[in-house]
1. If you go through segment 38-80 one residue at a time, how many are open to solvent by less than 40 Å² (accessible area, probe 1.4 Å), under 21 Å from Asp183 (Cα atoms), assigned to a helix (DSSP H, G or I) and not small (Gly, Ala, Ser)?
2. When only residues in segment 194-239 that are among the hydrophobic types (A, V, I, L, M, F, W, C) and without any contact (Cβ under 8 Å) to a residue 40 or more places away in the chain count, which is surrounded by the most Cβ atoms within 10 Å (Cβ to Cβ)?
3. Just name the residue that is nearest to the chain's Cα centre (by Cα) out of those in segment 192-209 that are within 15 Å of the ligand (Cβ to nearest atom) and of a type in the set (D, E, K, R).
4. Residues in segment 1-30 that are at pLDDT 80 or above and either open to solvent by 70 Å² or more (accessible area, probe 1.4 Å) or aliphatic (A, V, I, L, M) (or both): how many?
5. Of the residues Asp101, Asp111, which is touching a strand residue (DSSP E or B) at 6+ places or on another chain (Cβ under 9 Å) and either open to solvent by 60 Å² or more (accessible area, probe 1.4 Å) or within 11 Å of the ligand (Cβ to nearest atom) (or both)?
6. Please state which one of Ile99, Ile56 is in contact (Cβ under 8 Å) with a residue 24 or more places away in the chain and farther than 19 Å from Glu196 by Cα.
7. What number of residues within segment 63-95 are farther than 26 Å from Pro126 by Cα and either polar (S, T, N, Q) or more than 12 Å from the ligand (Cβ to nearest atom) (or both)?
8. Suppose we filter segment 143-191 for residues that are among the aliphatic types (A, V, I, L, M), open to solvent by 50 Å² or more (accessible area, probe 1.4 Å) and away from the ligand (no atom under 15 Å from the Cβ); how many remain?
Amino acid sequence: MPGSLSVATPNTAGVAIGAIILLGVPGAGKGTQARRIADRYRIPAISTGDMFREAIQADSALGRQVRQYLYSGELVPDDLVTAMVAARLERPDCRAGFILDGFPRTLPQTDWLYRYLDRAGRQPLPGPIVISLSVGYNELYRRLSGRRYCPVCHRNYNLFTQPPRQPGRCDLDGAELLQRKDDQPDVVRERLAAYERQTLPLLEAFRQRGKVFEVPGGEDVDHVSAGIFAILDGRRQGA
Ligand code: AMP
């Protein structure tokens, strides 16, 4: 495609990339970028928001515990989140690395994660790479209000920036696209407020532990991916 950036797949055989933490306000594109990173480096993208939504859909015990928080846009209590993440990180597909999308979101979750990664007995991995996606408010509003997802394959679309080929239908499986309950205006406001209150201070905590890579998330999706891949490829070569 003319003008597209070079994103050749690196040789990933046998190289452990470690934990990749994606930070960014809701709507910054973390989910889309997490899936692209997952494809390129063959590591799982772990979205705590998706895990909670799946639990709610399945009406599991966890789903019933967290439903009220998701529907109001508030954060789920830390102990429920860390227990769920711990169980997920124990799975063998996380051995070479994993992407965290939407976690950690509070200081206690951040402390918990660093303790978990340092824990004796775990296969040593390179230190976490923190990538912060920044987006201006107007662009953010457009993204959140236009966001749709496929309930079958969980692919994300945006009516403005990444529309499906056929209106209202998933390109991959033809399922009817849905809007998340928490992308409705009142809930969006509370989610943005929760982010400012609880998650922005995390940037400082991450900076104290190492470098935070800032990537402008307002560009088109391919440019944002190319910026992230350049950081991750550089880290792997330097590792
Ligand atoms: P997300 O899809 O990442 O925006 O998450 C949707 C909702 O799930 C949030 O508004 C919270 O209610 C809950 N949630 C997801 N991740 C976390 C987390 N790390 N800590 C607390 N609550 C979370």
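1. 5
2. Quick first cut of segment 194-239, residues among the hydrophobic types (A, V, I, L, M, F, W, C) only: 194, 200, 202-203, 205-206, 212-213, 215, 221, 224, 226, 228-232, 239.
Still in the running and without any contact (Cβ under 8 Å) to a residue 40 or more places away in the chain: 200, 230.
Details: Leu200: 11, Ala230: 15.
Residue satisfying both the conditions and the ranking: Ala230.
3. Glu196
4. 9
5. None of the other options fit; the residue is Asp101.
6. On the way: Ile56 fails: in contact (Cβ under 8 Å) with a residue 24 or more places away in the chain.
One residue alone meets the criteria, Ile99.
7. 4
8. Going through segment 143-191, the residues among the aliphatic types (A, V, I, L, M) turn out to be 144, 152, 159, 172, 175, 177-178, 187-188.
Those left that are additionally open to solvent by 50 Å² or more (accessible area, probe 1.4 Å): 152, 159, 172, 178.
Adding the requirement that they be away from the ligand (no atom under 15 Å from the Cβ) leaves 152, 159, 172.
The qualifying residues number 3.
The values are calculated or read from the model by the stated rules, or taken from the named source; none is laboratory data. Predicted model, so just to flag it, every value in this text is computed and none were measured. Ideal geometry is used to build each Cβ from the backbone, glycine not excepted, and the neighbour counts take in all protein chains shown. Just so you know, the surface numbers come from the protein's heavy atoms only, side chains and all, with ligands and any DNA or RNA stripped out. Shrake-Rupley method; radii C 1.70, N 1.55, O 1.52, S 1.80 Å.
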